[in-house]
Amino acid sequence: MSADLATYNFAYLDEQTKRMIRRAILKAIAIPGYQVPFASREMPMPYGWGTGGVQVTASIIGPDDVLKVIDQGADDTTNAVSIRAFFQKVADVAVTTHTKDATIIQTRHRIPEQKLTEGQVLVYQVPIPEPLRFLEPRETETRKMHALEEYGLMHVKLYEDIAINGRISKTYAYPVKVDGRYVMDPSPTPKFDNPKMHMSDALQLFGAGREKRIYAVPPHTEVVSLDFEDYPFEIQTFEQDCALCGAHGVYLDEVVLDDKGGRMFVCSDTDHCEDRREHGHVGAMLAQDSVKGQEAAE
Amino acid sequence: MTDTPLLKVSGVSKFYGSRIGCKDVNFELWPGEVLAIVGESGSGKTTLLNCLSTRLMPTAGSVEYRMRDGNFRDLYHMSEAERRFLMRTDWGFVHQNPADGLRMTVSAGANVGERLMAVGDRHYGKIRETATDWLGRVEISADRIDDQPRAFSGGMRQRLQIARNLVTGPRLVFMDEPTGGLDVSVQARLLDLVRGLVNDLGLAAIVVTHDLAVARLLSHRMIVMKDGHVIEHGLTDRVLDDPREPYTQLLVSSILQV
Ligand SMILES: Nc1ncnc2c1ncn2[C@@H]1O[C@H](COP(=O)(O)OP(=O)(O)O)[C@@H](O)[C@H]1O
Ligand SMILES: [Mg+2]
Ligand SMILES: [Zn+2]
């Protein structure tokens with residue numbers, strides 16, 4: 001495989017394709033939240049594996065970049081590992097799991113807990129870019145609705161959610177309005193992360209491979225989650241702290257421990273969790289373990 | 001009714017290739033007035049209605065509408081954004097088949113509330129209150145508010161479509177065979193309801209129907225079409241009781257025989 005890939009251009013895509021994608025990215029940055037069509041290429045991985053994000057990353061990455069890839073917040077899932085390995089091979093770039101060391105972070109589902117900074121680029125892998133698709137399947141009509149800023153339908157969807165569930169139950173891909181103009185699907189990130197998109201210091205780029213769309217949120221741009229006056233937008237809250245690092249107010253994943261109903265909640269952002277533990281923070285589960293360990297030693 | 005028309009239609013023609021859809025139609029519509037467009041199938045009623053409501057671009061002619069500010073605007077020279085705004089605020093369009101005018105997969109409440117949300121209402125409780133009120137006005141019980149129209153009978157769907165259109169307080173409503181697909185007994189109830197609403201709200205309406213009984217019950221004036229042309233035009237009672245054109249006489253006599 002490496003021998004085959006060695007014959008490819010830097011970062012896999014040929015320069016002409018990269019120029020085309022960069023033009024789409026520039027246009028996307030100029031019109032925050034607007035979905036720019038682009039000629040999506042075949043990538044050596046199936047759709048659903050983040051081919052849109054990979055093409056965006058391939059078009060902006062340079063030899064001096066440091067790449068981090070996460071999937072559901074973790075650096076070590078199959079998807080994240082293979083995309084990271086891909087860029088190591090085709091671009092020979094440095095990779096990292098540390099959010100603060102990365103210049104480009106490609107993600108599926110999460111925004112790192114660590115606040116992103118100026119100069120960093122967050123690249124989202126997007127399956128379905130069109131937030132209006134659910135209620136209006138016709139592409140010609142959704143384009144018109146965006147052009148004419150006819151977004152009543154988004155609230156119909158939220159209305160329906162409240163009517164059925166008594167509250168806005170949508171927890172991910174929660175629609176936002178960007179820069180007071182375009183309604184955007186923030187990809188399948190949990191709504192917990194929506195506030196991090198607002199006025200971010202980092203550049204946020206979204207790539208949808210199968211749907212052939214690129215969109216962007218430039219740094220310091222307003223990103224407002226849609227809601228009703230009497231049902232305001234709220235992020236998920238977690239009663240527990242991370243069982244491993246004790247972090248509070250972060251997004252937690254539930255981990256099943258045994259078949260007797262044992263479970264724990266841990267940081268979904270694995271780098272954040274490890275970093276905290278390295279700095280001496282201990283969650284309830286680890287504290288218990290160390291007490292047990294001491295007892296056994298005595 | 002005031003002394004200024006709401007709609008001025010001049011020389012409207014629509015050709016489908018060389019086939020005539022409708023030809024050189026002229027009339028004025030006053031606020032609060034109900035106009036029926038009658039004629040047999042294929043006579044051009046739907047084509048004309050779609051031209052008037054800007055769902056279709058005519059081949060020639062103009063339609064001017066008096067906006068809420070009192071100024072007349074030529075509909076075909078408005079921007080698409082302005083036209084679409086007009087269509088979902090100051091106008092209504094009731095389709096013969098309710099499925100064409102409803103969102104079948106969202107609740108009755110959301111169907112009625114959609115226009116309110118489209119014009120910027122952002123208070124769920126108030127939207128729901130207004131939707132409940134409108135369901136009541138079209139005789140749909142409040143406990144059906146969270147049901148989808150898929151679960152409704154044809155008559156209920158049609159009443160829901162009407163509520164969805166009237167919620168923004170439009171001044172003009174277009175209806176294409178509003179009772180067309182319904183059983184006779186259901187038709188009568190719907191016609192009574194429409195007549196009541198039109199009177200109460202002082203709505204102007206243009207109603208397409210092939211059924212002269214519908215025209216008799218709802219309209220003040222009527223237009224008779226044949227082969228795309230308006231062949232007779234006058235007060236409804238006059239046209240139905242004393243038709244001048246032989247073709248209208250035929251139409252009227254054929255209904256009277258039924
Ligand atoms: N989309 C179309 N393309 C071609 N001809 C059409 C189209 N729509 C209607 N027509 C023709 O225009 C004439 C008027 O049709 P229509 O307006 O539907 O009449 P009505 O509503 O009175 O039944 C008919 O001859 C019909 O066949
Ligand atoms: Mg017709
Ligand atoms: Zn943790």
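What residue among B:G44, B:A142, B:V9 has its Cα farthest toward the positive end of the dipole of chain B, where the charges are +1 on Lys, Arg and -1 on Asp, Glu, each on the Cβ? Positive-most Cα among the choices belongs to B:A142. Ordering A:106-114, B:144-152 by mean Cβ neighbour count within 10 Å, with the highest value first, yields A:106-114, B:144-152. Just A:P232, A:P218, A:P131 to compare: in a GNM of chain A, with alpha carbon springs under 10 Å, which one fluctuates most? Of A:P232, A:P218, A:P131, the most mobile in the Gaussian network model is A:P232. Ordering A:T99, B:T132 by accessible surface, largest first, gives B:T132, A:T99; the 1.4 Å probe counts only protein heavy atoms, with every chain in place. The Cα center of segment B:142-171 and the Cα center of segment B:1-76 differ in position by 27 Å.
Charge dipole (Cα centre; +1 on Lys/Arg Cβ, -1 on Asp/Glu Cβ; no other charges) of the protein assembly as shown amounts to roughly 1720 debye.
Annotation: aspartates and glutamates with alpha-carbon distance below 17 angstrom to B:K45 (same-chain offsets under eight excluded): B:D24, B:E28, B:D176, B:E177, B:D211, B:D227, B:E232. Per residue of B:156-164, other chain Cβ atoms within 10 Å of the residue Cβ number 0 on average. Percent antiparallel among DSSP beta bridges with both residues in the protein assembly as shown, to the nearest 5? In the protein assembly as shown, approximately 55 percent of DSSP beta bridges are antiparallel ones. Each peptide in A:12-19, B:233-240 was scored by the mean count of other Cβ atoms within 10 Å over its residues; highest first, the order is B:233-240, A:12-19. Summing Lys and Arg as +1 and Asp and Glu as -1 over all other residues whose Cβ lies under 12 Å from the Cβ of A:E234 gives a net charge of +2. In this structure A:Y182 has an accessible area near 30 Å², from a 1.4 Å probe over the protein heavy atoms.
For the pair A and B, the buried accessible area comes to roughly 1900 Å² in total, with a 1.4 Å probe and the value rounded to the nearest 100. Between B:L48, B:L56, B:L166, the residue with the greatest mean-square fluctuation in the GNM of chain B (Cα pairs under 10 Å linked by springs) is B:L56.
In segment B:89-167, one over the average inverse separation of all distinct C-alpha pairs is 12.2 Å, which is the Kirkwood hydrodynamic radius. Burial annotation for segment B:85-110: residues with an accessible-area loss of at least 20 Å² between the isolated chain and the complete set of protein chains, computed on heavy atoms with a 1.4 Å probe, are B:R88, B:R103, B:V106, B:S107, B:A110. In percent, what relative contact order does chain B have, based on Cα pairs under 8 Å that are 6 or more apart in sequence? Result for chain B is 26 percent.
Of A:K27/A:K170; B:K14/B:K226; A:K157/A:K196, which ones are farther than 26 Å apart at the Cα? Long pairs (Cα-Cα over 26 Å): A:K27/A:K170.
Taken about its Cα centre, segment B:127-258 carries a charge dipole of about 200 debye when Lys and Arg each add +1 at the Cβ and Asp and Glu each add -1 at the Cβ.
Show which aspartates and glutamates lie in cross-link reach of A:K144 when reach means a straight Cα distance below 18 angstrom and same-chain residues fewer than eight apart are skipped. Hits, sequence-local ones excluded: A:E130, A:E136, A:D185, A:E211, B:E80, B:E82, B:E114. Take every Cα pair under 8 Å whose residues are at least 6 apart in sequence, average their separation, divide by the length of chain A, and the relative contact order is 20 percent. With a ≥ b ≥ c taken as the square roots of the eigenvalues of the C-alpha gyration tensor of segment B:9-112, please select rounded if a/c is under 1.5 and otherwise prolate if a/b is larger than b/c or oblate if it is not? Note, shape of segment B:9-112 comes out oblate.
Using just its DSSP H runs of length 4 or more, each adding -39500 (n - 2.57), the protein assembly as shown gives a mean residue ellipticity at 222 nm of -10500 deg cm²/dmol after division by all residues.
Surface composition of the protein assembly as shown: carbon plus sulfur atoms hold 50% of the accessible area, using a 1.4 angstrom probe and ignoring ligands, DNA and RNA.
When the charge dipole of the protein assembly as shown is built from unit charges on Cβ atoms (+1 for Lys and Arg, -1 for Asp and Glu) and taken about the Cα centre, the candidate among B:Q161, A:L132, B:I127 whose Cα reaches farthest toward its positive end is B:Q161. Solvent-accessible surface of segment A:15-225, averaged per residue with a 1.4 angstrom probe and all protein chains in place: 39 square angstrom.
Overall form of chain A: oblate. Here a/c, set by the Cα gyration tensor axes a ≥ b ≥ c, is 1.5 or more, and a/b is not larger than b/c. Over 26 Å apart at the Cα level, from the set A:K177/B:K126; A:K18/A:K89; A:K18/A:K115; A:K18/A:K191, are A:K18/A:K115; A:K18/A:K191. Placing +1 on the Cβ of every Lys and Arg and -1 on the Cβ of every Asp and Glu, with no other charges, gives segment A:237-284 a dipole of roughly 160 debye about its Cα centre. Partners of A:K260 within straight-line reach, counting lysines whose Cα lies under 26 Å from its Cα and excluding those fewer than 8 residues away in the same chain: A:K292.
For the residues of A:221-229, the average number of beta carbons from a partner chain within 10 Å of their own beta carbon is 2. Once C-alpha pairs closer than 8 Å and six or more residues apart are averaged by separation and normalised to the residue number of segment A:92-229, the relative contact order reads 29 percent. Here segment A:34-57 and segment B:202-258 have alpha carbon centers that stand 60 Å from each other. Neighbouring Cβ atoms from other chains, within 10 Å of the Cβ of residues in B:123-134, number 3 on average.
The values are calculated or read from the model by the stated rules, or taken from the named source; none is laboratory data. Computed from a predicted model, the values in this text were never measured in an experiment. A quick note on method: Cβ atoms are made from the backbone with ideal geometry, for glycine too, and the neighbour counts reach across all protein chains shown. We work out accessible area using only protein heavy atoms, side chains counted, and drop any ligands, DNA or RNA first. Shrake-Rupley method; radii C 1.70, N 1.55, O 1.52, S 1.80 Å.
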